[in-house]
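These notes concern the structure reproduced below.
The values are calculated or read from the model by the stated rules, or taken from the named source; none is laboratory data. Because the structure is predicted, anything quoted here is derived from the model rather than measured. No Cβ is skipped: glycine too gets one built from the backbone with ideal geometry, and neighbour counts run over all protein chains shown. When the accessible area is computed, the model is the full protein with side chains, heavy atoms only, and any ligands, DNA or RNA have been set aside. Shrake-Rupley method; radii C 1.70, N 1.55, O 1.52, S 1.80 Å.
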Amino acid sequence: MRSATQEPAPDSPASGVSAARPYVYLDAASSEPLHPAAREVLLAALERGYADPRRLHGPARTAGLLLENAREVCAEALGLRREEVTFTGSGTEAVHRGLLGLRRGRARVGGAVVHSAVEHSAVLHALEWVGGEHPQVGVDAHGRVSPDAVLAAVEESTAVVALQAANHEVGTRQPVAEVTTRLGERADPVPVFVDACAAAGRVPLPEGWAVAAASAHQWGGPAGVGLLLVRRGARWRAPFPVDDRSDPRAVGFEDVPAALAAAAALRAVVAEREQTARRQHALVDRIRAAAAAIPDVDVVGDPDDRLPHLVTFSCLYVQGEALVAELDRRGFGVASGSACTASTLEPSHVLAAMGALTHGNVRVSLTRETTAEQVEAFCAVLPEVVEGLRP
């Protein structure tokens, strides 16, 4: 995996970047470069964690111990019990299994899932797949729901409330703890599913949820590892065909080396989280100010109560894909379009729900290694790029 400052390959779109100024990767919200702790553990685990952990022979027992160690490390980093952590094949799989399993566990009351208008497409696609009516709660200009609006949407037939910990496109954090507290005060408490894929590792998880999902490549673990987090006492029932694994929520052969690497990266980023967050928050403030100083540019998302590493802004009279291409040519890797459907460059449903400009948007997200010098270089180039692309 290319590091945050590694030069692009000769056939890269940004291959014109000089050796004096290496390529700067600013798309950590899509995938954080592999953490050194994860790389070290992954290489070591490949030698010992290859066997099926459910078998009885020696190599299998070794793999089983390694897998349990990974669960223990993840649980400790997230403030959970070991038995509440299950490894899945991706964050998307964890979202689907988590949300639909919690919904199935509440089938006695109905099938409706109240959700915010800015949930990730993984949530929206899961609800589309099961069908039915699922009330959607609007957000304010920062992308945040009102707890009052969430509670007003809950009815007797509501099985689950789905509310992300923080938004994957604009960084705004949601009032999950207040919502869970108020839902818990009802005569028939409604459980909350939390998509924590964008937030886990970067900020502490909120309180009160029943089931959550996380994704290892978001915090510097390997891709292909998700976490399904089911709290003790949650009424979760498998929504898809089951397997005979030792963990009843797991399906298929766990990638033991990758799970260990994900756990190592999570422990490392949580240990350094406060320091990293302070530094990244200040750097993002610098980018927000630079973008806001450009005419007809709208910086979106909450300026303070947000993920520390992420900022999105929309530029009038410019196409987002053109901005990405030109910034890439200048040596900066950023994202545009909807964060969950960027391959099709569809307008962002998140920005639309916020009432923001849906075209000409750029999402910048810092890696743990992004420096102040790199941010200053980006801020210096940005006005020229925007103005040069405008008609």
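Things to note:
- Take the Cα of residue 156, go 7 Å toward its beta carbon, and the backbone nitrogen atoms of the stretch 96-111 under 13 Å from that spot belong to 109-110.
- Accessible-area value, residue 92, 1.4 Å probe, nucleic acids and ligands omitted, Å²: 70
- Solvent-accessible surface (1.4 angstrom probe) belonging to residue 306, in square angstrom, nearest 10: 10
- Of all DSSP bridge pairs formed entirely within the chain, close to 60 percent run antiparallel.
- Summed over the residues of the stretch 237-391 and divided among them, the accessible surface reaches 42 Å² per residue at a probe radius of 1.4 Å.
- The chain: most fluctuating residue of 80, 56, 316 per GNM, C-alpha cutoff 10 Å: 56
- The residues packed around residue 163, meaning those with a beta-carbon under 13 Å from its beta-carbon, carry a net charge of -1 if Lys and Arg are +1 and Asp and Glu are -1.
- The local environment of residue 70, defined by Cβ-Cβ distances under 13 Å, has a net charge of -2 under the rule Lys, Arg +1 and Asp, Glu -1.
- Summed side-chain charge close to residue 280 - residues other than residue 280 whose Cβ falls under 13 Å, Lys, Arg +1, Asp, Glu -1: +3
- The simple spin-label model puts a point 7 Å past each Cα toward its Cβ; for residue 305 and residue 246 those points are separated by 4.3 nm.
- In summary, the helical segments of the chain meeting the span-like criteria, namely a full DSSP H run, a Cα extent along the axis of 24 angstrom or more and a mean Kyte-Doolittle hydropathy of at least -0.5, are 58-78, 372-389.
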